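Heads up: the structure comes next, in structure tokens.
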């Protein structure tokens, strides 16, 4: 293969986990970031983790110098994976570099406005250039895409077919957040999410929905995600898509009311405290920090999807569970890079997880990394 896998943001928290996954898989990734010393140290730490003839190398690049980011990719066969966020502030140089090179691109964003841009004008540019864009390819938002695709396939033979899709994201265990996740949440505060209504993209509006998770009803608040852009591609009868985040628990309804009034759930009395207690916000303003391997153990990522007909009757349901959000994200990014490196994708432009590789391949790949259907 003439192409290379380049991991931009390799010395960050998610970047390091992804670098480990890629090295174990024998991808010989080019580890990129702004600090040469940290890159050299990381290459040394990863020595011997994978095949001896597939050791990682490094290359310096910084978003403040877009030319250095463009220099990371040199061939349409290259795969540029980036974990450098918040993406609305820092993601543009890597995205533009991939599109201009006509190569493959994967990112770990969960930011709705960035996702919307990728599926909008950037996707059109990428299609013309032959570039393949896979945005939000981690806990945000592959599990929901997988669960929804399975539910859509089961509902496809019903009389009306799947018209409405609802997806909920949850976790089980003491989930702690990395410094990057905290920065992303701060960036997203006040930014409206996107839903699909009658085939049109609209403001998610802070709706609340309840889902059965392991036999218990759990509330979740509407957020922006990739599913409103990707799921209609799987069945042209899909007209409405909503995605919900269940991290706020019993405070979801209060958060919904406040988000519609103030555009940020962090102003709800108790929500900030709940986040600190339930997710153990740690590390202050330090970058590159996050939960240890031991702290991630026992945390389970969960996504629930249900399809409904035009009058609201449930047609099908699917639940998937997998490793902690950070381990899952790292493994998903590495898997997507391997698939793109070997040209397993279909088409160009902005692609979703299922339409990029096909549902059967997505199911198999996710199963290999521990993300499997449980209901």
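For the chain, place one equal point scatterer on every Cα, skip the solvent, and apply the Debye formula. What is log10 of I(q)/I(0) at q = 0.09, 0.12, 0.14 Å⁻¹?
Here the Debye-derived log intensity ratios amount to -0.47, -0.86, -1.19.
Between residue 202 and residue 361, how many nm apart are label points set 7 Å from Cα along the C-beta direction?
3.6 nm
Roughly how many nanometres apart are two label points built 7 Å out from the Cα toward the Cβ at residue 343 and residue 292?
4.6 nm
I'd like the orientation of helix 252-262 relative to the chain: the angle between its Cα long axis and the longest Cα principal axis, in ° from 0 to 90, rounded to 10.
Roughly 80 degrees, rounded to the nearest 10.
For helix 142-155, what angle does its Cα long axis make with the longest principal axis of the chain, in degrees from 0 to 90 and rounded to 10?
50 degrees
Enter the Cα centre distance for the pair region 108-186 and region 324-375, rounded to the nearest angstrom.
Using only Cα atoms, the two centres lie 12 Å from each other.
Which stretch or stretches of region 345-375 have amide N atoms under 15 Å from the point lying 7 Å from residue 314's Cα along the Cα→Cβ direction?
374-375
Quick one: helix 359-368 against the long Cα principal axis of the chain, what's the angle to the nearest 10°, folded into 0 to 90?
Taking the Cα atoms of the chain, the angle to 359-368 is about 70 degrees.
Taking 0.36 nm per intervening residue step and subtracting the Cα-Cα distance, what contour gain separates residue 59 from residue 124 on full extension? Before the final figure, lay out the partial values.
Working: separation 65, 0.36 × 65 = 23.40 nm, distance 2.94 nm.
Contour length minus Cα-Cα distance gives 20.5 nm.
Where Rh denotes the Kirkwood radius from the mean inverse Cα pair distance, what is Rg over Rh for region 1-116?
On the way: Rg = 13.3 Å, Rh = 14.0 Å.
On the Cα set of region 1-116, Rg over Rh gives 0.95.
All of the numbers you see were taken from the coordinates with simple rules; none came from a lab. These numbers were taken from a predicted model, which means no experiment stands behind them. All Cβ positions, even for glycine, are placed from backbone atoms using ideal geometry, and neighbour counts span all protein chains on display.
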